[in-house]
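The values are calculated or read from the model by the stated rules, or taken from the named source; none is laboratory data. Values in this document were obtained by computation on a predicted structure and should not be read as measured data. Every residue, glycine among them, receives a Cβ derived from its backbone with ideal geometry; neighbour counts consider all protein chains shown. For the accessible areas, the whole protein counts, side chains as well, though only heavy atoms, and no ligand, DNA or RNA atoms are used. Shrake-Rupley method; radii C 1.70, N 1.55, O 1.52, S 1.80 Å.
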Amino acid sequence: MSATLLIEQAALQPSERVLDVACGTGVVARLAAKPVGSTGQIIGLDNDAEKLGVARSLPPLPGVSLAWQEGNAIAMPFADASFDALLCQQGLQFFPDRPAALREMHRVLSVWGPLERNPGHAALVVALEGHLATAAASAIRSFFALGEAWEVRSLLAGGPFHEVQLHTATRTVRFASPEQFVRIEMIPSRPESPLAGMDERALSVLISEVNTALQPYVGPDGLAFPMQAHLVTAQK
């Protein structure tokens, strides 16, 4: 949802050198390819070798300079002033030392709004906690750990940023059904996923509970619920 918004807010220009921090499997980095064009350069940085492996396995984008770098956002392996723009989608809340990470960053950040304003994931967390899958529920909650706008502003206040602007955006996300939402969000193919060891009966109960909670958001075209994110732009 917020990847496209993040690119729009960043207002990338042709020929810019762009760093995508906590790039994961490369969704934002690949979207950034279009505005910077064939004369620009994009580097995706992440400390998760497995996710970078997925990014590298995707088909290359013709005529685009796109590279992947394993590294720590708190101590990035790049020289000062190496990039024209920096992107970070849903990464700040996971860094153990957020002020240190912010000192390493320069331009664009994005974090989810509070869990209670993201009803799909709120329903999933409640259902998981009801089945004692507390680790899975906590993992989802961590995505929303910087949910309030004031928390994001307080991190930026007095830091190495200028012309800071925070925009809270709400967009509708869509799935074919609540069941599809649960299965996609939990990604059972990953060994660490709680669904990997959950039998089909237990999974059906979990899906049923999420389905009941999300009925206000189910219509003829499937499941559609709002998600809120805070997008921050700042100049170096």
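Here is how the numbers come out for the structure above:
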{"quantity": "Neighbours by Cβ (under 6 Å, 6+ apart or cross-chain): first from the range 156-168, farther than 20 Å from ALA11 by Cβ; second open to solvent by 40 Å² or more (accessible area, probe 1.4 Å)", "calculated": "PRO160/ARG103"}
{"quantity": "Check on ARG56, closer than 28 Å to ASN118 by Cα, outside any loop (DSSP other than H, G, I, E, B) and touching a strand residue (DSSP E or B) at 6+ places or on another chain (Cβ under 8 Å)", "calculated": "no"}
{"quantity": "Any hit, the range 24-47, residues being within 17 Å of LEU156 (Cβ to Cβ), of a type in the set (D, E, K, R), surrounded by fewer than 22 Cβ atoms within 10 Å (Cβ to Cβ) and out of contact with any Cys (no Cβ under 6 Å at 6 or more places or on another chain)", "calculated": "no"}
{"quantity": "Checklist (1) in contact with a Phe, Trp or Tyr (Cβ under 7 Å, 6 or more places away or on another chain); (2) of a type outside the set (Gly, Ala, Ser); (3) surrounded by fewer than 21 Cβ atoms within 10 Å (Cβ to Cβ) applied to MET76, failing item", "calculated": "(1)"}
{"quantity": "Number of positions in the range 168-186 that are touching a helix residue (DSSP H, G or I) at 6+ places or on another chain (Cβ under 7 Å), within 25 Å of PHE95 (Cα to Cα) and either open to solvent by 50 Å² or more (accessible area, probe 1.4 Å) or not in a strand (DSSP E or B) (or both)", "calculated": "3"}
{"quantity": "Any chance VAL182 is out of contact with any Ser or Thr (no Cβ under 8 Å at 6 or more places or on another chain), touching a residue at least 40 places away in the same chain (Cβ under 8 Å) and over 18 Å from ILE207 (Cα atoms)", "calculated": "no"}
